[in-house]
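Remarks on the structure that follows.
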């Protein structure tokens, strides 16, 4: 089953959501569109269902990185319990946990201080601060690219 098959089936089951073929899978709340990447495996099909899960859950963004993990879990559970049965697919808990592990790793890396390697607290959407060495840093989105951490100060006031 290729992406075109999934495009037709998704539109049939979810007429209130827009679907478009794309290079990758993602949900855009601004466009109310689920983008369908190449479907070459069952894992790709399941990823599509996960993105539809974001749409059905009404996800529109997050303020803290930890909130993203909550949104991801919710989208997976919607996909597992509500969407997969419509397509006669099963999403097992190990698949969900593997996917969530990538976000846990992302969160862990973002919160690690570039100065002392301890974990800091998030102050704003892209800014963290280390409580140990007082270093602040800014991070890029890094969900689709390599993580970058930019020091905002190196003032060490222990």
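The values are calculated or read from the model by the stated rules, or taken from the named source; none is laboratory data. Please read all numbers here as calculations on a predicted model, not as lab measurements. Neighbour counts run over all protein chains shown; Cβ positions are idealised from the backbone, glycine included.
Every residue, every condition in (1) in contact with a helix residue (DSSP H, G or I) (Cβ under 9 Å, 6 or more places away or on another chain); (2) under 26 Å from residue 124 (Cβ atoms), yes or no:
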residue: 53; (1), (2): yes, no
residue: 58; (1), (2): no, yes
residue: 62; (1), (2): yes, yes
residue: 65; (1), (2): yes, yes
residue: 74; (1), (2): yes, yes
residue: 82; (1), (2): yes, no
residue: 87; (1), (2): yes, no
residue: 93; (1), (2): yes, no
**Prompt:** Is it fair to say residue 141 is surrounded by 12 or more Cβ atoms within 10 Å (Cβ to Cβ) and modelled with pLDDT under 90?
**Reply:** yes
Checked the range 24-41 for anything within 20 Å of residue 74 (Cβ to Cβ) and touching a residue at least 12 places away in the same chain (Cβ under 8 Å); matches are 25, 26, 27, 29, 32, 33, 34, 35
Quick count over the range 55-72, residues being within 13 Å of the chain's Cα centre (by Cα), surrounded by 13 or more Cβ atoms within 10 Å (Cβ to Cβ) and over 15 Å from residue 103 (Cα atoms), is 2
Note on the range 109-130: residues out of contact with any helix residue (DSSP H, G or I) (no Cβ under 7 Å at 6 or more places or on another chain), part of a helix (DSSP H, G or I) and buried (at least 18 other Cβ atoms within 10 Å of the Cβ) are 111
Residue 93 fails exactly one of (1) modelled with pLDDT of 95 or more; (2) farther than 30 Å from residue 46 by Cβ, namely (2)
Given the conditions (1) more than 15 Å from the chain's Cα centre (by Cα); (2) exposed (fewer than 15 other Cβ atoms within 10 Å of the Cβ); (3) within 30 Å of residue 122 (Cα to Cα), every one holds for residue 33 apart from (2)
Scanning the range 1-15 for residues that are at pLDDT 95 or above, outside any helix (DSSP H, G or I) and surrounded by fewer than 15 Cβ atoms within 10 Å (Cβ to Cβ) gives 15
Out of (1) over 18 Å from the mean Cα position of the chain (by Cα); (2) crowded, with 18+ Cβ neighbours inside 10 Å, the one residue 88 does not meet is (2)
